[in-house]
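Structure, as structure tokens:
The values are calculated or read from the model by the stated rules, or taken from the named source; none is laboratory data. The structure displayed is predicted, hence computed values, not measured ones. Here the Cβ positions follow ideal geometry from the backbone for every residue, glycine too, while neighbour counts run over all protein chains shown.
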Amino acid sequence: MNEVRILLVCMEGVSLSAYIKELSSLGIAHDVVPSFGDTYKHKKTKYNGFLFDVATVVRAKSKDKIEANRLVERFPVLRINYLLSGDVIRGIPIGKFSGESNEFDYFITHVCANFPGRSLRGSKSSSRVLNVLLRRELSSDRISIEKSVTFDISEEGGFFFSIKRWEEGDPLSVVVKELTDRTPILSIVKRVQVWGKTDKLPGIEVQFLTMTEAQADQIEELL
């Protein structure tokens, strides 16, 4: 099994002890926070999945529940409940990455183990407009550089205005003019919105493949 790290969101109590005991028996690295508002303390750590204690979710503030939903959109999540009477942990997978099994052990050893670790920083995005250069090699001796702007950006990628011809899977490098570190960010086109075919803004949705720590920190500050 690949190395797995889990973030457990659970307030103090008997349930927390039961969850930690189970994670330890599986040899799983984990961190614990008492609320969703505390997840930012681990924003640079890469996780393969989350465990949400049901009672903690129920008592969460509205703004914390919004953060919980944001995590569900990006990570495998198992909502768990400890039954003291039977000394058993029951789970409900939520979100598109979480599979269908409600088994605690299976979620950890199969779902999370096969999900690439991500940091929490990329869970936030912004519609702030930034100036970018989109660079791609058309052939061995031809390079295209297009001036563009962002309409959505995060640590993981963004949507950039463009009326050029692009294909899904096209490699490119991105330079963000507002960043102090202008090292080209190697990227790949994930989706193309062609000019004139819809009433939506033309452009490309891009996934960042490489990014320096300084770039990630500054993008977070700009969001």
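Quick notes
- Those residues of the range 8-25 which are crowded, with 16+ Cβ neighbours inside 10 Å and either in contact (Cβ under 8 Å) with a residue 40 or more places away in the chain or not assigned by TED's automatic domain parsing to the domain that holds Tyr82 (or both), in sequence order: Leu8, Val9, Cys10, Ser15, Ala18, Tyr19, Glu22, Leu23
- Matching residues in the range 73-89 - criterion: being of a type outside the set (A, V, I, L, M) and at pLDDT below 95: Glu73, Arg74, Phe75, Ser85, Gly86, Asp87
- Residue within the range 55-64 that is of a type in the set (Asp, Glu) and in contact with a helix residue (DSSP H, G or I) (Cβ under 6 Å, 6 or more places away or on another chain) present: yes
For (1) surrounded by fewer than 18 Cβ atoms within 10 Å (Cβ to Cβ); (2) part of a strand (DSSP E or B), each residue gets a yes or a no:
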| residue | (1), (2) |
| --- | --- |
| Arg70 | yes, no |
| Phe75 | no, no |
| Ile80 | no, yes |
| Gly86 | yes, no |
| Ile89 | no, yes |
| Lys96 | yes, no |
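- Residue within the range 135-152 that is among the small types (Gly, Ala, Ser), surrounded by 15 or more Cβ atoms within 10 Å (Cβ to Cβ) and under 21 Å from the mean Cα position of the chain (by Cα) present: no
- Counted residues, the range 29-54 - those being surrounded by fewer than 16 Cβ atoms within 10 Å (Cβ to Cβ) and either more than 16 Å from the chain's Cα centre (by Cα) or part of a helix (DSSP H, G or I) (or both): 7
- Candidate set: the range 155-171, residues that are part of a strand (DSSP E or B) and under 23 Å from Arg118 (Cα atoms); chosen: the one farthest from the chain's Cα centre (by Cα): Pro171
- Residue that is on the phi > 0 side of the Ramachandran plot and in contact (Cβ under 8 Å) with a residue 24 or more places away in the chain, where the choices are Asp64, Asp87, Asp31, Asp105: Asp87
- Per the conditions (1) in contact with a strand residue (DSSP E or B) (Cβ under 7 Å, 6 or more places away or on another chain); (2) surrounded by fewer than 14 Cβ atoms within 10 Å (Cβ to Cβ), the sole criterion not satisfied by Arg165 is (1).
- Output for the range 18-69, where each listed residue is among the β-branched types (Val, Ile, Thr) and more than 17 Å from Val88 (Cβ to Cβ): Ile28, Val32, Val33, Thr39, Thr45, Thr56, Val57, Val58, Ile66
- The set of residues from the range 121-154 being at pLDDT below 80 and either within 20 Å of Leu209 (Cβ to Cβ) or in a strand (DSSP E or B) (or both) comprises Arg121, Gly122, Ser123, Lys124, Ser125, Ser126, Leu138, Ser139.
- Criterion (out of contact with any helix residue (DSSP H, G or I) (no Cβ under 7 Å at 6 or more places or on another chain), touching a residue at least 60 places away in the same chain (Cβ under 8 Å) and more than 30 Å from Glu3 (Cα to Cα)) met by exactly one of Leu223, Leu138, Leu133, Leu172: Leu223
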